[in-house]
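Nothing in this text is a laboratory measurement; each read-out follows from the coordinates by a stated rule. Because the structure is a prediction, the values reported are computed rather than measured. Note that we place each Cβ from the backbone using ideal geometry, even for glycine, and neighbour counts take in every protein chain shown.
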Amino acid sequence: MKFRVNLSTAITAVLLSTVGSAITYAEWQPKQSALTTRWAKDVKPESPLPEYPRPQFVRDEWQNLNGLWKYAIRPKSEGRPDQWDGDILVPFPVESALSGVMKRVGPDNRLWYQRTFALPQADGKAAPKWADKNVLLNFGAVDWDTTVWINGKEIGSHKGGYDPFTFDITPHLKTGSNELVVSVYDPSDAGFQPRGKQVREGNGIWYTPTTGIWQTVWMEPVDRTLSITGLLTEPDVDAGEVRVNVQVADPRQVVAEVTVKDGTKVVGTATGPVANSIRIPIPDAKLWSPASPHLYDVEVSVRRGGEAAHDPIRSYFAMRKISVGQDGKGITRMMLNNKPLFQFGPLDQGFWPDGLYTAPTDEALRFDIEITKKYGFNMIRKHVKVEPQRWYYHCDKLGMLVWQDMPSGDLHAQWDPFGKFDGTEAKRSAESAENFRREWKAIIDSRRNHPCIVMWVPFNEGWGQADTVAVTKWTKEYDPSRLVNCASGGNDFPIGDVIDVHRYPGPFAPKPTATRVAVLGEYGGLGLPLKGHTWQSEKNWGYQSFTDQASLTTTYLDLLDKLHPMIDSPGLSAAIYTQTTDVEIEVNGLLTYDRAIQKIPVDAVAKAHQALYSPPPRLRTIVETSREVPQTWQFTLEKPADGWQKPDFDASRWKSGPGGFGEPTTPNSVVRTEWKSKDIWLRRTFELKAVPTGEIRALIHHDEDTEIYVNGQLIKSVSGYSVNYGALRLNPDAQKAFQAGTNTLAIHCKQTGGGQYIDIGFAEVE
């Protein structure tokens, strides 16, 4: 796999400066951003993002067109500008600091780019090196409606903000200097197009827009008579083979030659017509997984008749299977390589404070995946954004499963997250529907070979959700090798492979069916702003707010304790925590937005994450809850005197009643004594023959903030609420509070909104 490890040095890349730029590379400076990542200093204006951008379809010879271009923002009704506004660093969005511009475009304007280039020269020759080749101009992604000119001739247009596109510019080239002009229109949230979280004015969970070129632009030569236009690898773990599908413009009498390698060792070779899949056995296949992300190299070329081979392409694939099946208990699970694997990871939105949609460097792009791996996650949900292909390459190499969302847009359907969806969907215009399907197909086509992607998610929380059944059915039929999650977070239809709910803070687990797995598509969202590392100084937002890292981490671990039993019952197959990093004013990341601080330290939670991939701990109840048998408590709704939690406190004037306490409508509660006020204080005694030697956990169902005392000592504070009974870890020294004989348990629970409930017991981890 050496060619991928050293891709930037193994591939010939000729980086050209912009002819006639208004400033020099030495003079260029980024704009001042509210936050800056440590990688911003590594951005070189003469060669931003120099790596080959398409690792699964590699041509050795290419020319990177990233760098300083001219730009202009003009009313959308106007044509090409006569003058340019200045210089922009491509491929950073015009709204970003790293573009050097940091201006909004808006729905009334159009963004224009211009640069000149020359084809590379053969050594010692005046003629262009590619003079006998066809030259392809490639765009990784441009948001949204793009038109391109070469030397004043319009060569084509493209609509789609997340999929790559290519033009053959050969007929329009001339010797020496050539002019490239690009025009982009992007109405952001004023339009119907897929856009994800981009809005004209960011607020809450909505962020700064990305307009124009935001992925690498490059050229490459191909043979004039015959070249490869597409490549699809389809591994079959059960059959022990890979099927290679090669596309060319005219397949008549064209054969492909395919070689599969494991490192330097040739595993198999085959030759066959491109009209058919070429099957290559992979004996004793090394399967790809998060624990062992093994990749095979592929070399492909094509020829017609007795001609020499044309257009050599290098790629890779993995022997990997994702499916749905029943485990040993008959529970429907997600299977990786025919074995159940709990999938756990963060929601990842892929925004950068200095580059917005575009990471400052390839190292930065890889960092988010590496830190996710260090946390002990095995999956990432790429949320309503499609990343550059190198991001998926890094996931392939590092062993990270990916759920890929379709970026949302257009109208929002009425969203119901609680299972009461009546089937009413948004109505798209014919233009919107056609655009959605075209771009969704293009996204799948461009990312389909990446083994890391195990699930397609066409809709999220009703955003732009329309024609759900048809879209889900088409997606499943078009790519049967992956799972399809028809609607993450609600508005569910009985189609696809997944039942997906969102709960904040959660967790919560739906029940799987005979054919569909149960997943928690979003939960958590614990927010902590850290001074000096926020997008704005105040009014930052999270689903639940904290003031220090210690309490944030404790609550995070509490959620894990509640989550773990749900894997066994009712049979949760995956969970996704919100989120990897802060994004603008949303401060519920594991990391700050600038990636400078781990708000929840890796070493504090990685072990707990790893535990999720094993069965939950066996528990022996030592103090009963009221879930099965009612326990008698003393209680008061009036704030008691100081010392109320101590064993010698006189609670004779308190009321007495059976647990649990709360409102019957609270999910999964067993209410035997109604409690509707803001606060409740509770006391009871329990007996222990001896203090347990194993770890003691609190068996608790709470709604909401709760303090737990044993013999007057605070052993646990827990905020938020739960939707079921969980086994929570106690404070590190809590074990010392328990004693042989009679013990006093005292509780204070505070309700702030919604349902309310409190019940508690204890268990020993066996």
I need TRP288, TRP456 ordered by Cβ neighbour count within 10 Å, fewest first. TRP288, TRP456
Among 424-437, 354-367, what's the highest-first ranking by average C-beta atoms within 10 angstrom per residue? 354-367, 424-437
For segment 178-298, rounded, prolate or oblate, judged on the Cα gyration tensor with a ≥ b ≥ c (square roots of eigenvalues), a/c < 1.5 rounded, else prolate if a/b > b/c? oblate
Unit charges at the beta carbon, dipole of segment 326-611: most positive-side option, ILE495, PHE436, GLN598: ILE495
Based on the Cβ-Cβ distance from GLU434 to THR547, what FRET efficiency comes out when R0 is 51 Å, to the nearest 0.05? 0.55
Cα Rg, Dmax, segment 238-317, angstrom units: 13.5, 45
To the nearest 0.05, what FRET efficiency results for LEU637 and ALA596 with a Förster distance of 51 Å applied to their C-beta separation? 0.65
Express the Stokes-Einstein translational diffusion coefficient of segment 326-611 in µm² s⁻¹, to the nearest whole number, given a Kirkwood radius over alpha-carbon pairs, 10 °C and a viscosity of 1.306 mPa s. 82 µm²/s
Label point distance in nm, LEU398-GLU628, each placed 7 Å from Cα along Cα→Cβ: 4.4 nm
Go through 115-124, 210-219 and give me the packing order, highest mean Cβ count within 10 Å leading. 210-219, 115-124
Could you calculate the contour length gain from PHE493 to THR166, that is, 0.36 nm times the residue separation minus the distance between their Cα atoms, to one decimal place in nm? 114.1 nm
What's the exposure ranking of GLU234, GLU584, GLU477, going from fewest to most Cβ atoms within 10 Å? GLU477, GLU234, GLU584
Quick check: residue separation of GLN536 and THR229 times 0.36 nm, minus the Cα distance between them. What number comes out in nm? 105.9 nm
Run the simple label-point estimate for SER177 and ASP132 please: 7 Å along Cα→C-beta, distance reported in nm. 3.0 nm
Give, as a single signed number, the net charge of other residues whose beta carbon lies under 12 Å from the beta carbon of ASP311, with Lys and Arg counted +1 and Asp and Glu -1. -1
How many angstrom lie between the Cα centre of segment 676-707 and the Cα centre of segment 83-162? 64 Å
Name the residues of segment 204-230 whose amide N is less than 16 Å from a point 7 angstrom out from the Cα of ALA122 along the C-beta direction? 221-224
Per the rule of 0.36 nm per residue minus the C-alpha distance, extending GLU477 to GLU307 adds in nm 57.5 nm
Cα centroid separation - segment 712-733 against segment 377-431, whole Å: 34 Å
Counting alpha carbon pairs within less than 8 Å and at least 6 residues apart, what relative contact order, in whole percent, applies to the chain? 9 percent
Run down the lysines and flag those whose C-alpha is under 17 Å from the C-alpha of LYS339, throwing out any fewer than 8 positions away in its chain. LYS286, LYS321, LYS329
What list of ³J(HN,Hα) couplings, whole Hz, do you get for segment 188-200 from phi and the Karplus terms 6.51, -1.76, 1.60, once you set θ to phi - 60° and write x for glycine and proline? 6, 6, 8, x, 9, 6, x, 8, x, 8, 6, 9, 5
How far is helix 468-478 tilted off the main Cα axis of the chain, in degrees rounded to 10, range 0 to 90? 60 degrees
Using R₀ = 60 Å, calculate the FRET efficiency as 1/(1 + (r/R₀)^6) where r is the Cβ-Cβ separation of ALA690 and ASP416; round to 0.05. 0.75
Placing unit charges on C-beta atoms (Lys and Arg positive, Asp and Glu negative, everything else neutral), compute the dipole magnitude of the chain about its Cα centre in debye, rounded to 20. 740 debye
If the label point sits 7 Å along Cα→Cβ of ASP42, residues of segment 574-596 with amide N under 20 Å come out as 581-582, 591-596
Sequence ranges 401-412, 268-279, 46-57, 75-86, ranked by mean other-Cβ count within 10 angstrom, highest first: 401-412, 46-57, 268-279, 75-86
A student applying the Cα gyration tensor rule (rounded when a/c is under 1.5; otherwise prolate if a/b is larger than b/c, oblate if not) would label segment 619-765 oblate
Note to self: C-alpha centroids of segment 477-532 and segment 32-48 sit apart, in Å, by 35 Å
Around LEU745: net Lys/Arg minus Asp/Glu count, Cβ-Cβ under 9 Å: +2
Evaluate the relative contact order of segment 2-222 (contact order divided by residue number), counting alpha-carbon pairs under 8 angstrom at least 6 apart; express in whole percent. 22 percent
Residues in segment 532-550 near a label at SER717, defined as backbone nitrogen under 17 Å from the 7 Å Cα→Cβ point? 544-550
Roughly what angle does helix 362-375 make with the longest principal axis of the chain, taking Cα atoms, 0 to 90 degrees, to the nearest 10? 30 degrees
Which Cys residues of the chain have no other Cys beta carbon under 4.7 Å away? CYS486, CYS749
